[in-house]
Structure formats: structure tokens, C-alpha cells
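Undergrad: Here it is, the structure, as C-alpha cells.
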Amino acid sequence: MSSILVRKNKQLWVEQVCLQELAVSFETPFYTYSNDAIKNNFNAYKTALAGQKHLICYAVKANSNIAILQTLVQLGSGFDIVSQGELERVLMAGGDPKKIVFSGVGKSDQEMRRALEIGILCFNIESEAELILLNKISAEMEILAPISVRVNPDIDAKTHPYIATGLKESKFGIDAAEARQIYLRAAKMDNVRIVGIDCHIGSQLTETKPFENALSCLLELIQDLNRNGIMLEHIDVGGGLGVRYRDETPPSVEAYTQKLMELAGARREMLIFEPGRSIVANAGFLVTSVQFVKRNGSKRFAICDAAMNDMLRPSLYGSFLDIQPVCLRQNEPAHFYDIVGPICETGDFLGYERELSIVQGDLLCVCDAGAYGFSMSSNYNSRPRAPELMISGQDVHVVRERETIDDLVRGEHLILKTEK
Ligand SMILES: *Cc1c(COP(=O)(O)O)cnc(C)c1O
């Protein structure tokens, strides 16, 4: 169980809030976050990087709630965005445009214009075609576009294939030899300014070696660029540091950043980190009720009111999330349950074969649900999305309301009969 969640006399608490009591005021399912946990996770990076010229750009896609972004703005965070939607969220939360890096393989014309207009720190370029379009748009706007090239270092991040992004088979980044050519071309363009280099090799990495190999690849290319008169202002090492969901043993933020700082040595460029998961994963919990308990032959199911539309990671990646009873029962026999939702898909599950003492109506807490939880949620099966709560000490803030049926059909129209 995560250290943010504490059990006192059978009950689960997040900071000074008892989840059982919270579920009296708010119907399930709901997400709840610990503000302290987010701050602690961010400050771990800040402390580890003290003395190093750096910028921590939280990867917004991990959890894009504007209250979370606001919390991070107040701690001095920058942001890694992948769409205009994320850009607008960061601005709404009070984020500094000069601390925004823009990643993603398919930035649109409109997205580039908006980012240029507000003056972001850097476009992380993922193809030559993107560079050409950006140069054209910035010429029209009479602005210099700051760029870095996202290098694909062809490194096996040893993570789930869907979240490994640094192999040459993936759509992300540009291999080192071609990246070099693109830098040389960019240096001759009138409306882009080369400011950095970046990479991001995958998510939920549990070893430092792949990160070190990726940075070594960048450093080699930087030396080559320097020899060609191209100087950089920053080196962006991406995100991807893993967290402990079950028995993983990812390096600490301190060990991970230390290794990379050693490798970068006394270089003058600023180091940028783009952590997402490691900032918010263990700060979030999905609380759900057991709607029914059911037996099919020898199998037992706990059918919950949260489903794959609320938390997709188990269905999409086969991810393991710890599931805890909110209140411990002592007089019920324990059984192995598949924890499933009401969605009409066999792949709709939150966890398989969990040993629990539960009865109908009990509350379950899905732990480490803060990253890629709500942000990947959908309305599949026409289920309104769950609310999000932010706990801060004993205060509970509703940072997103539960969707209504009206929200579900907003913007939809019946076909009106036309007169013949
Ligand atoms: C998703 C992503 C991140 C964050 O990854 P985490 O594993 O959540 O730390 C950082 N940079 C880029 C470019 C990404 O796509």
C-alpha cells in the first residue's frame, strides 16, 4: 500500500480525510487526490536538482486537472504539453508560457500558431515535415520559433510495448543520424531558432540504464553539433521514471537524477525533465462501491460501479493496481475475486484474483490511480465521468464535478424532419 494512504482502526485515510466518510458526502465512483503527495513528489525533483540549472516540466497528459496544474504552478513547475487543449489548461492554471515545451508527432497548424502567439519555451520537433511547417508559420507570424529535435535513440526501455517510445520501430522522434541532418537544415532556416535537444524513451521505466544510454546518445550528438557551430541552451531528457504499483523497484528520483547529472557533467546547458507518472501516480485514488457479488461456477466477481471507462490501464496494458477494502472486515471469509465494472466488455476489469473479505455495498480503493487514470477516462457505455476531489489536510475541494446526462449529449442533435 502506498505511504500516502494510511489505515487507522480498519479505516483508510488520505491526509486527514477518512475515505469511508468521504463516500457519505460524495457518491461513488470518484477520484481523490492528495495535495501533499503531489507537492512531495514535485519537491523530490526540486531538491534532487538543487545546484543544477534545471527546469521540471510536468507532463500534463498524466493528469490534466487544472487544480493539479495550479498546485504545480505554485511550486514553480514548467509543463510538457502535447496539444492545444493541454496548453489552454496550463494557461488557465496560471502557468508561465516560458516554461512550456510542446511535444507530439502531429502538431497542427492551429496548435503551432497558438503556441507561437503565447511564446512557449520550445517546440520539440518530431519530423522534418513538422520543422518545415513550423518555419513557414513562424515566417507568416514574423516570429522566431524556438526548437529542439526529439531524438529517438533506439533504446529498449524494457517497459510495456505500448509505452516504449524510444525504439526505432516507434513513431516517436528522429534517429540520431537524421536528427543531425535536420539540425543542420534548421540552422539555415530563417524563422526557427535552435535552443535544445530532447528525447523521451518510454514510461514506467524501472532502471536507470536506459535513461543513461539515451542521454549518452544525446551528448554524442551535441558534441557533433557544437563542432558545427550549433550551440544549445537546454538538454531535455524526457520523463518516464516508473513508480511502484506492486513489486517494481524503480530508482528513487534522487538516484535517477544523480546519474543523469553525473553523465551531463559540468555542461552549461539547462537540464529539462518531463516527469508525469512519478509526480501524480501515487497521489490519486479511485474509490468505488461493490454493486453486486456474483459467482459463475468456481469464479467470484465483485462487480463495482467504477469500470474501464474510469480507469483504462488494467484493460489497455494489463496493468496491476493495488485494490484495498476501504474498511476492513474481520468476520467475513476472504475469497479471490475478479474486480470488474458494469461495462459490456470482457476486458472490463480493475484487477484479477484479489483476495478480499467483502460484501455487497462495501467500498474499494484503487490505489496509485493518479496518473493516466482520469486523463484516459471516457464516456464509453454512456457513463458520465466521475468527479475529482482534491484533499488538502482536512479540506476537500471538488476540482471536477461529476458529469450529468446533459453533459453526455452536449452538442448532439436529433435530425429534424424537413417538410416535403
Ligand atoms: C508521456 C510523456 C512524458 C511523461 O512520461 P511519464 O512516464 O508519465 O513520466 C514525458 N514526455 C513526453 C514527450 C511524453 O510523451
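The values are calculated or read from the model by the stated rules, or taken from the named source; none is laboratory data. Since this is a predicted model, take the numbers as computed values, not measurements. Heads up, the Cβs are rebuilt from the backbone with ideal geometry, glycines too, and the neighbour counts pull from every protein chain shown. Heads up: the accessible areas ignore ligands, DNA and RNA and are worked out on the full protein's heavy atoms, side chains in. Shrake-Rupley method; radii C 1.70, N 1.55, O 1.52, S 1.80 Å.
Undergrad: When the residues of segment 163-178 are filtered to those that are touching a residue at least 40 places away in the same chain (Cβ under 8 Å) and within 16 Å of the ligand (Cβ to nearest atom), which remaining residue is farthest from Ile197 (Cα to Cα)?
TA: In this case the residue turns out to be Ile163.
Undergrad: Can you tell me which of Val149, Val105 is over 22 Å from Ser64 (Cα atoms) and of a type in the set (Val, Ile, Thr)?
TA: Values: Val105 fails: over 22 Å from Ser64 (Cα atoms).
Result: Val149 is the single residue among Val149, Val105 that is over 22 Å from Ser64 (Cα atoms) and of a type in the set (Val, Ile, Thr).
Undergrad: Looking at segment 1-103, what strands (runs of 3 or more DSSP E) fall wholly within it and have at least 2 residues that are within 16 Å of the ligand (Cβ to nearest atom) and open to solvent by 10 Å² or more (accessible area, probe 1.4 Å)?
TA: It comes to 54-59.
Undergrad: Can you go through Leu271, Leu263, Leu241, Leu232 and tell me which one is open to solvent by less than 10 Å² (accessible area, probe 1.4 Å) and free of Cβ contacts under 8 Å to residues at least 60 places away in the same chain? Give the steps one after another, and end with the answer.
TA: Working: Leu271 fails: free of Cβ contacts under 8 Å to residues at least 60 places away in the same chain; Leu263 fails: open to solvent by less than 10 Å² (accessible area, probe 1.4 Å); Leu232 fails: free of Cβ contacts under 8 Å to residues at least 60 places away in the same chain.
Of Leu271, Leu263, Leu241, Leu232, the one residue that is open to solvent by less than 10 Å² (accessible area, probe 1.4 Å) and free of Cβ contacts under 8 Å to residues at least 60 places away in the same chain is Leu241.
Undergrad: Okay, next question. Inside segment 278-310, can you point out the residues that are open to solvent by less than 10 Å² (accessible area, probe 1.4 Å), touching a strand residue (DSSP E or B) at 6+ places or on another chain (Cβ under 9 Å) and within 16 Å of the ligand (Cβ to nearest atom)?
TA: Passing the criteria: Ile279, Val280, Ala283, Gly284.
Undergrad: Another one. In this structure, is Val243 within 19 Å of the chain's Cα centre (by Cα) and not hydroxyl-bearing (Ser, Thr, Tyr)?
TA: yes
Undergrad: Hey, another quick one. Among the residues of segment 149-169, is any open to solvent by less than 30 Å² (accessible area, probe 1.4 Å), outside the structural domain of Ala371 (by TED's automatic domain parsing) and farther than 29 Å from Val280 by Cβ?
TA: The answer is no, given that none of the residues of segment 149-169 is open to solvent by less than 30 Å² (accessible area, probe 1.4 Å), outside the structural domain of Ala371 (by TED's automatic domain parsing) and farther than 29 Å from Val280 by Cβ.
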